[in-house]
1. In debye, nearest 20, what is the charge dipole magnitude of the chain about its Cα centre with +1 on Lys and Arg Cβ and -1 on Asp and Glu Cβ, if you could check?
2. At a Förster radius of 30 Å, what calculated FRET efficiency corresponds to the Cβ-Cβ distance of residue 201 and residue 151, to the nearest 0.05?
3. Of the residues 62, 115, 73, which exhibits the maximal mean-square fluctuation in a Gaussian network model of the chain defined by a 10 Å Cα contact cut-off?
4. What does the charge dipole of the range 1-119 about its Cα centre add up to, to the nearest 20 debye, if the Cβ of each Lys and Arg holds +1 and the Cβ of each Asp and Glu holds -1?
5. Report, by chain and number, residues whose modeled amide H sits under 5 Å from the one on residue 169, excluding near sequence neighbours (fewer than 5 apart, same chain).
6. With θ set to phi - 60° and the Karplus curve 6.51 cos²θ - 1.76 cosθ + 1.60, what are the ³J(HN,Hα) couplings of the range 229-245 in order, to the nearest whole Hz, using x for Gly and Pro?
7. Provide the gained length on full extension for the span residue 238 to residue 92, in nm with one decimal, where the gain is 0.36 nm per separating residue minus the Cα-Cα distance.
8. Considering only protein heavy atoms and a 1.4 Å probe, what is the carbon-and-sulfur percentage of the accessible area of the range 201-255?
Amino acid sequence: MMKVDLHTHTSVSDGRLSAAGLLAAAMDKRIDILSITDHDTIAAYRELEHLDTGAMQLIAGIEFSTQWRGVGIHIVGLGIDLQDPALLRGVEFQSRAREDRALKIARRLQKALAIEDPLPGVRRIAGDSAIGRPHFARHLLDIGVADNMETVFKKYLGRGKIGDVKDVWAELPRIIEWITGAGGIAVLAHPLKYQLTARRFSSLLDEFTDAGGAAMEVVSGQQKPEDTARLARLCNGRDLLASCGSDFHDPDHAWGGLGEASDLPADCAPVWESLPGFTATRHQDYS
Ligand code: AMP
Ligand code: MN
Ligand code: MN
Ligand code: MN
């Protein structure tokens, strides 16, 4: 069985490992195909330009943020041309949006919690990383607003809470256009996380496929077998390609272990077989 992980994060977004560190960890785990999919940035690939990946195939990727009917949605792009001008403009747009959003989140939290401007502390925590809600969460923990990550998200940063700002992102069709225009495949990330009703999920898939989306994650992190079976049915029912990924962020987290969300149901069409440059014999090179 191939070991494939097409959804991972590094410290250029909210992951713990550097790009080189993630690459080394993935090779250590004998992953056959890896994609680094940081939130709205491809900066990790700049750090990897001169690194050897051995027999491991590295697929250029990204995880774009958008919103759909008021719900924050993530779209992974796989096999993208990292030099594509429209894609680069898109990444630039999202990076400015992320900066604007950080200001908005900061103002909202400051008001709602009656705290000092959190932004300087958040920037210190983020360092060179693109600011995300996990950096806000860590700052709120530092100043004692709550005592664990789960609570901070539940109360202040998670879905529908005061710090959940998402009106800044590019719209879904535009994001899919950036991905497909750069020769990539647009993948709906972790479909179960949005907690949509069957009817709304179906509308989302309508819009996603109408705009050129072609795949969805059937396996995301550690999930129940019945969820995998359900997602496989939805995926195959729409003739979508199937992807899998750990959504790895941090080696200390029990869930989302690197390379540990690999096996797709046999009746799914693996997305990597449709990526440019894929060769079926690749696995055998790895000994
Ligand atoms: P952002 O990209 O800034 O919108 O932040 C979203 C990120 O926050 C996700 O990719 C996760 O890494 C993290 N996240 C979301 N919910 C939680 C949670 N309940 N606990 C810990 N981290 C979370
Ligand atoms: Mn994240
Ligand atoms: Mn995501
Ligand atoms: Mn992710």
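1. Working: 32 positive and 40 negative charges, 237 e Å.
In total the dipole reaches around 1140 debye.
2. Values: r = 28 Å, r/R0 = 0.94.
Computed FRET efficiency for residue 201 and residue 151 comes out at 0.60.
3. Residue with maximal mean-square fluctuation among 62, 115, 73: 115.
4. Working: 14 positive and 17 negative charges, 117 e Å.
So the dipole magnitude of the range 1-119 works out to roughly 560 debye.
5. none
6. Per residue, the Karplus-derived 3J(HN,Hα) values read 4, 5, 5, 4, 5, 4, 5, 5, x, 10, 6, 8, 6, 10, 10, 9, x Hz.
7. On the way: separation 146, 0.36 × 146 = 52.56 nm, distance 3.21 nm.
Here the answer is 49.3 nm.
8. Values: 1220 of 2480 Å².
Result for the range 201-255: 49 percent of the exposed heavy-atom area is carbon or sulfur.
The values are calculated or read from the model by the stated rules, or taken from the named source; none is laboratory data. Only a predicted model underlies this, so the values are computations on that prediction, with no experimental measurement involved. Cβ atoms come from the backbone with ideal geometry, glycine included; neighbour counts cover every protein chain shown. The accessibility values were calculated without ligands, DNA or RNA, using every heavy atom of the protein model including side chains. Shrake-Rupley method; radii C 1.70, N 1.55, O 1.52, S 1.80 Å.
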